[in-house]
Amino acid sequence: MTKLNIFIENIYPQFSLDEKKVLAGAKKVMKYCLESNEVLDSSCLKSLDYNTLTFDIVFCDNTKIHDINREYREKDRATDVITFALFADSSPEERFIFDGEINLGEILISLDKTQEQAESNNHEFGRELFFLISHGIMHLLGYDHPTEEELNFMLFHQEKSMEKVNVKVLA
């Protein structure tokens, strides 16, 4: 059984989240990914020996994510989620496992964008939040979506992973 060290930080004090519920949901999303052979077999974790996975989820506002998007991705706009997949984006010879632990990286999510998209898509805030968390987790595992086929693979598994989470707990 893989231990999950997921650290949640909300640097947007005007937006309150139940971090324990978010953490519990994020763990369920990640456990789905680890239990899905289809996801795991094509991930950056394939055939590796580890016992702990670590990553951070940071919640911020549109201003902060806009700054990060401009600085690191050269896109001058706010976005919903940015993932820094430290392990997956490193070459295999640069990846390291220290004492059985892999640091996958960091997911940043704009709570402003989460709220905007939930409203525009006419669904609950919690559903949108876990959709973005699941998207970030797929990126941490080495997935990207430059083609429609790869996007559809990610979206399918995001939806499947969200079935494990009770998104109404955040409503």
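The values are calculated or read from the model by the stated rules, or taken from the named source; none is laboratory data. From a predicted model like this one, the values you see are computed outputs, not experimental measurements. With ideal geometry, Cβ positions are generated from the backbone for all residues, glycine too; neighbour counts draw on all protein chains shown.
For the range 93-148, what are the residues that are part of a helix (DSSP H, G or I), farther than 19 Å from T79 by Cβ and within 18 Å of the chain's Cα centre (by Cα)?
G126
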message = If I filter the range 54-76 for residues that are β-branched (V, I, T) and part of a loop (DSSP other than H, G, I, E, B), do I get at least one hit?
response = no
key: Residue match in the range 1-15 (condition: charged (D, E, K, R), part of a strand (DSSP E or B) and surrounded by 13 or more Cβ atoms within 10 Å (Cβ to Cβ))   = yes
key: Residues being surrounded by fewer than 20 Cβ atoms within 10 Å (Cβ to Cβ) and touching a Phe, Trp or Tyr at 6+ places or on another chain (Cβ under 6 Å) - total across the range 68-104   = 3
task = All but one of (1) touching a Leu at 6+ places or on another chain (Cβ under 7 Å); (2) at pLDDT below 95 hold for A88, so report the exception by its number.
result = (2)
query = If you check every pair at least six apart or on different chains, which have Cβ atoms under 9 Å apart with a residue in the range 102-131 that is closer than 18 Å to K64 by Cα first and a residue that is basic (K, R) second?
reply = L108/K64; S110/K64
request  = Please determine, by comparing only the residues of the range 50-67 that are surrounded by 19 or more Cβ atoms within 10 Å (Cβ to Cβ) and over 17 Å from Q14 (Cα atoms), which one is farthest from the chain's Cα centre (by Cα).
outcome  = H66
inquiry  = For the list (1) closer than 17 Å to S161 by Cβ; (2) without any contact (Cβ under 8 Å) to a residue 40 or more places away in the chain, I need the number of the one condition that L53 fails.
reply    = (2)
